[in-house]
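Here's the structure, in C-alpha cells; my notes come after.
The values are calculated or read from the model by the stated rules, or taken from the named source; none is laboratory data. Because the structure is predicted, anything quoted here is derived from the model rather than measured. Glycine also receives a Cβ, built like all others from the backbone with ideal geometry; neighbour counts cover every protein chain displayed. The accessibility values were calculated without ligands, DNA or RNA, using every heavy atom of the protein model including side chains. Shrake-Rupley method; radii C 1.70, N 1.55, O 1.52, S 1.80 Å.
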Amino acid sequence: MVANTLITIDDVRFMVREGLAGNISPDDEISEDTRIEDLGLTSLQIAELIMRIEDDLDIDLDSTRLAEVQTVGQLLLTVDLSMNHAQNEAIRI
C-alpha cells in the first residue's frame with residue numbers, strides 16, 4: 001500500500017489473512033459486515049493489524065473510535081475519517 005491512499009476491503013482482507021498466517025481458510029469470506037471478533041484474531045493480532053494500517057498509511061488512528069469498531073466496514077470508515085482529518089490538518093499548515 002502507498003501512504004495517503006484510501007484503504008480498501010481487499011487491503012484489510014490481505015492483512016487479516018497474512019496476520020492469521022494460514023489459520024483462516026481462503027473460503028472464509030471477509031466483507032464490510034464481518035465482525036472483527038469473528039475473524040479469529042487475538043488481541044495482539046488486532047493491535048498488529050492497527051499498527052500496520054497506521055504505518056502503511058502514515059496516520060494515527062483515534063483509540064476512542066477504534067474501541068467502538070465492531071465490523072471491518074467500521075474499521076474502514078475509521079481509517080478513512082482519520083486520513084481525511086490528517087489531510088485537512090496538512091492543508092491548514
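Scanning segment 26-59 for residues that are in contact (Cβ under 8 Å) with a residue 24 or more places away in the chain and open to solvent by 80 Å² or more (accessible area, probe 1.4 Å) turns up Glu32, Asp33, Arg35, Glu37, Glu48, Asp58.
Considered as a group, the residues in segment 66-77 that are more than 15 Å from Ala47 (Cβ to Cβ) and part of a helix (DSSP H, G or I) include one that is most open to solvent (accessible area, probe 1.4 Å), and that residue is Glu68. Looking across segment 50-64, the residues that are farther than 25 Å from Glu29 by Cα and either modelled with pLDDT under 80 or part of a helix (DSSP H, G or I) (or both) come down to Asp55, Ser63, Thr64. Of everything in segment 14-33 that's of a type outside the set (A, V, I, L, M, F, W, C) and touching an Asp or Glu at 6+ places or on another chain (Cβ under 9 Å), which residue is modelled with the highest pLDDT? Here the residue is Arg17.
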